[in-house]
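Here's the structure, in structure tokens; my notes come after.
What follows draws every value from the coordinates through simple rules; no lab data is involved. Predicted model only: the values in this text are computed from it and were never measured. For neighbour counting, all protein chains shown are included, and Cβ atoms are generated from backbone atoms with ideal geometry for every residue, glycine included.
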Amino acid sequence: MLLVGLLSFSVSQTLSAGGTAHSAKKHKSKFPARFWIFATFALLYGVCETMNGNWAVPYLMKHFGASAFMASLALAIFWSMVTAGRILFAAIEKWFPEKMVCRVLPFVIAVAFIATACVPNTSPFFGILTFALAGLGCSALLPLTISFGQKELTTIAASAAGGLITFYQIGYGIAAFGVGPLQTWAGLDLNIIYGGTAAVALVMAAVSFVVTRKSSAPA
């Protein structure tokens, strides 16, 4: 309940922010409809990233019987691939445009989730590789979402960035605190949850095509 209250307060503070010359004429500023597309994408991304960042160690130790060292190695590889992917896609922007990156990477995440769910529990090495793939898929999406949002929503660029981070953190909270009840109350194994989260990544893939389509009117 405390988490829900804190997130609600954060959202309300973000939505009431936006002190621009344009919004100052109104009693209360409002985000345009396009913002909510970006916010949805950021929330879905938060779920996908956190499923890998928070649950990789328990999954590898429970499903594969991996040692704490192996599980920690998988987590380190995931975050290393997140960093390396951001550098890679920045370097090849000339040949692989940002819009294509934003549209392709959610499918990479979906494939990684399906692979994570399907790897036999006798193959921890391949389990680690699936988290490496997930790290590559997650790498550039959040920075690109914020960048696209600020470029398009120019009149509220600063508050739009804060709002997108808020929704990313809401997605983080959903994955961080929602998986436990799914295991305890619904009796779902982590591999089933990982497989199901592929659907979240596919929804994010669909939203990416809307995110990268520039609105016809100025924000």
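For region 74-172, treating each Cα as an identical point scatterer without solvent, what Debye log10 I(q)/I(0) comes out at q = 0.14, 0.15 1/Å? Debye curve over Cα of region 74-172, log10 I(q)/I(0) at q = 0.14, 0.15 Å⁻¹: -0.61, -0.68. The trypsin sites (Lys or Arg not before Pro) of region 68-132 meeting both criteria, a DSSP state outside H, G, I, E and B (loop) and at most 12 other C-beta atoms within 10 angstrom of the site's C-beta, are 94. The phi torsions of region 147-161, fed into the Karplus equation with coefficients 6.51, -1.76 and 1.60 and a -60° offset, translate into couplings of 4, 4, x, 5, 5, 7, 9, 5, 6, 10, 4, 5, 6, 5, 4 Hz, rounded to whole numbers, with Gly and Pro shown as x. Look at the Cα gyration tensor of region 35-211: its axes a ≥ b ≥ c give a/c of at least 1.5 with a/b over b/c, and that counts as prolate.
Loop-located chymotrypsin sites (Phe, Trp or Tyr not before Pro) in region 60-108 (DSSP state other than H, G, I, E, B) with a sparse environment of at most 13 neighbouring Cβ atoms within 10 Å: 95. Partner lysines whose Cα lies under 30 Å from the Cα of residue 30, excluding those fewer than 8 positions away in the same chain, are identified as 99, 151, 214. Spin-label model, residue 83 to residue 151: label points 7 Å out along the Cα-to-beta-carbon direction sit 2.6 nm apart. Which distance in Å, rounded to a whole number, links the C-alpha centroids of region 168-195 and region 79-134? Using only Cα atoms to place each centre, the spacing works out to 21 Å. Within a straight-line Cα-Cα reach of under 19 Å, residue 94 cannot be paired with any aspartates and glutamates, leaving aside sequence neighbours fewer than 8 residues apart in one chain.
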